[in-house]
Structures are given as C-alpha cells and as structure tokens.
Amino acid sequence: MRVAAHTASVCFGNLSRGAVPGMDLSRNIPQVLGLSGAMDMYLTDGTLSAYAALRAGLIHGMQVSNQGTKQLALSSARRLAESPESVGIAGLKPPLDLDRYATEAWAIDLSAKSGGLFRSVAESVATTEVLQEKMEPKQVSAEVVVKSEDLQEWKPRQSLPKQRPKRRVRLQGSCRIVHDQR
C-alpha cells in the first residue's frame, strides 16, 4: 500500500542524473503505468502530482494532511496484517530472476562506460573542492590584511537540491481510490 499527502509529487529523475532505472523500478513501474507511461516517465523526467499518481495507480490513497496520511497508512497496514491471506504471503519467497539482474547489471555498466553516469554528482563535488581551496588561508605579507568580510563571499553556500522544471505527465488510466473500511 502506497499512500501520499495531496501535496506530494512523484519523479524518478534518473535521466537528469545520467543513470538508468535500476532493479525493481524497471520491472514494477511498467506493470503499473503500462509500457508507454513508464517510458514517458523514464525518458522525459516527468513529474506526477499526487492526484495523477493516484489515477495512474502508483499510490493507493491520498489525504489532505500529513497526519491523515499517516493514519491512512497505519490503518491500511493493520487491515493487511489482520487478513488471513497475509499469513500465507509472509512465508513466500519469490524466486530470483537472475536473467533480469544480469541484464540490468549490463545496462548499468554500459551507462557507466558512456561517461554520463552520475555526472551531475561529480560536478558538484568538484565545485565544492574548488571553493574549499579558495577558502584556505594563503601566505600573506604583513602589509596585507585579509578581512573576514572578504572571505564570506568565497564560503561554499549550503547546497540545495536541483530545482527541475515541473513537467507534469499526463497518463491514460482509470482512477483507483481506496476507501478506509472500518
């Protein structure tokens, strides 16, 4: 069961990081969204609003407040845990799909060889190192006095997550709403 607040948004963001969708996402998202919806989300870095994710089936419930979201998640978890089917499901172990893991490992390796894998992470680390080098005190003569105000402009600013433009994905599908049954 996946629940979210009405202000939530869903984005996988692999493309902007130079990564490929890995492990369960590459199998589960096409099952939920269909192949065209999953490809659209993977290749365009699209963002789904909470309502669009609910309509697409990525989340099963939505609440207005965070407290309501927590209560819905807890009640859904309790209802699932109390059902007789959960006892049988708990003992099941799915077989490993070694072919799928091998294919994904090959795809991730190919992505790494292309030189673009996690390029944005490497660029941010390099920028931080350059800023730290500029902040290190240099040997100055007695005539030159470095003011602390001058160093303030070179201090690295606290990095914030990249703000990607919101591109809303429009998916075809029916609305699935789970009502709390008490």
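The values are calculated or read from the model by the stated rules, or taken from the named source; none is laboratory data. Predicted model, so just to flag it, every value in this text is computed and none were measured. Every residue, glycine as well, gets a Cβ built from its backbone with ideal geometry; the counts of neighbours run over all protein chains shown.
Among the residues of segment 22-54, which ones are crowded, with 19+ Cβ neighbours inside 10 Å and out of contact with any Phe, Trp or Tyr (no Cβ under 7 Å at 6 or more places or on another chain)?
ILE29, LEU33, GLY37, ALA38, GLY46, THR47, LEU48, ALA50, ALA52, ALA53, LEU54 - these are the residues of segment 22-54 that are crowded, with 19+ Cβ neighbours inside 10 Å and out of contact with any Phe, Trp or Tyr (no Cβ under 7 Å at 6 or more places or on another chain).
Where in segment 34-106 are there helices (runs of 4 or more DSSP H), lying fully within it, with 2 or more residues that are at pLDDT 80 or above and aromatic (Phe, Trp, Tyr)?
Ranges flagged: none.
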